[in-house]
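In what follows, a structure is listed as structure tokens, so that the remarks can point back to it.
The values are calculated or read from the model by the stated rules, or taken from the named source; none is laboratory data. Keep in mind it's a predicted model, so treat the numbers as computed, not measured. Backbone-built Cβ (ideal geometry, glycine too); neighbour counts: all protein chains shown. Please note that ligands, DNA and RNA were not included when accessible areas were found on the heavy atoms of the full protein model with its side chains. Shrake-Rupley method; radii C 1.70, N 1.55, O 1.52, S 1.80 Å.
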Amino acid sequence: PYDPPQEVLDEVNQEDLPSPAPRTAHTEFLRRQFVEAHRARWCQLDYEEFSDAQIAKVQAHYTALVRQIDDGVGTSVAPLKASGRYHNTIIIFSSDHGDHMGDFGMVAKGTFMESSIRVPMIVHIPGQGEARVMDEVVSLTDVNATLRALAGLEPAETSDSRILPGLPHLPTCPREYVFGSLYGDFMVTDREWKLIRYGNGEVHLFHISAAPPEQTNLADDPAYREPVCRLDRIMT
């Protein structure tokens, strides 16, 4: 539920929040699935009508919940700093999924759209030097290999997990691609492109850095035949 305490919600400035991604023709079948899923007995909510005012409320409430997470991280880190152990502690902050927050007329998760699958990945390692941003593609599974390497352990033999790139004193083999599968739908993405094949036969290709994001499906455009074929071979 989007239910932050009122005192936290009062700190959110609605004007600071970005506009949601508009609904598109190529995501309407996803929205249809979303609406039907939330009508089910487990949820019993009807999003057939989802007004701009309702979306704005969801955005504000979700932002307040994120603010609570920020405060919680601070509460966790404070004792480490007070005891002098912060500079000898490895901290990895991430999440299991995002939230559409009104993008394409949806909330929650369950698609390969960026607002659903793109999550935080912040690593604090003692002695790592200046903070920097890496643009490599990574997977949540890479946390396993990273923590094992930092603990001086060998990687698990059967794991696809890789050491996160850019960390000091650790060998790394950056990923070229990240794959995803969900309910018979499949995705592959690199730093620039994302190809999705849905179980109903729909194919989507997005240029990830395009603005506004994921508003144009390029899969059927002859000019983008090369990335479609290349990523399709990799996915297969």
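Listed here are the residues, each with its yes/no results for (1) assigned to a helix (DSSP H, G or I); (2) of a type in the set (S, T, N, Q); (3) touching a Lys or Arg at 6+ places or on another chain (Cβ under 9 Å).
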| residue | (1), (2), (3) |
| --- | --- |
| Thr27 | yes, yes, no |
| Arg31 | yes, no, yes |
| Trp42 | no, no, no |
| Ala53 | yes, no, no |
| Pro79 | yes, no, yes |
| message | Looking at the stretch 104-119 only, could you name the residues that are in a loop (DSSP other than H, G, I, E, B), open to solvent by 30 Å² or more (accessible area, probe 1.4 Å) and touching a residue at least 40 places away in the same chain (Cβ under 8 Å)? | response | Gly110
| Residues located in the stretch 81-91, provided they are within 13 Å of Pro126 (Cβ to Cβ) and not basic (Lys, Arg) | Gly84, Tyr86, His87, Asn88, Thr89, Ile90, Ile91
| request: Find the residue count for the stretch 120-149, including only residues that are over 18 Å from Lys194 (Cβ atoms) and open to solvent by 50 Å² or more (accessible area, probe 1.4 Å). | output: 14
| field | Residues located in the stretch 19-62, provided they are among the aromatic types (Phe, Trp, Tyr) and surrounded by 16 or more Cβ atoms within 10 Å (Cβ to Cβ) | value | Phe34, Tyr47, Phe50, Tyr62
| said: Against the definition (in contact (Cβ under 8 Å) with a residue 12 or more places away in the chain, open to solvent by 80 Å² or more (accessible area, probe 1.4 Å) and either over 24 Å from Phe34 (Cβ atoms) or within 21 Å of the chain's Cα centre (by Cα) (or both)), how does Asp160 come out, yes or no? | reply: yes
| task | Quick one: which residue in Val188, Val203 is surrounded by fewer than 17 Cβ atoms within 10 Å (Cβ to Cβ) and either more than 22 Å from the chain's Cα centre (by Cα) or among the hydrophobic types (A, V, I, L, M, F, W, C) (or both)? | result | Val203
| note | Subset of the stretch 167-185, residues loosely packed, with under 13 Cβ neighbours inside 10 Å and out of contact with any strand residue (DSSP E or B) (no Cβ under 9 Å at 6 or more places or on another chain), comes to Pro168, His169, Pro171, Cys173, Glu176, Tyr183, Gly184
| said: Given (1) over 27 Å from Ser139 (Cα atoms); (2) surrounded by 17 or more Cβ atoms within 10 Å (Cβ to Cβ); (3) free of Cβ contacts under 8 Å to residues at least 24 places away in the same chain, identify the lone condition not met by Gly98. | reply: (1)
| task | Any residue in the stretch 26-53 that's more than 30 Å from Leu205 (Cα to Cα) and at pLDDT below 95: show its pairings with residues that are part of a loop (DSSP other than H, G, I, E, B) and aliphatic (A, V, I, L, M) at Cβ separation under 8 Å, as long as the two are six or more apart or on different chains. | result | none
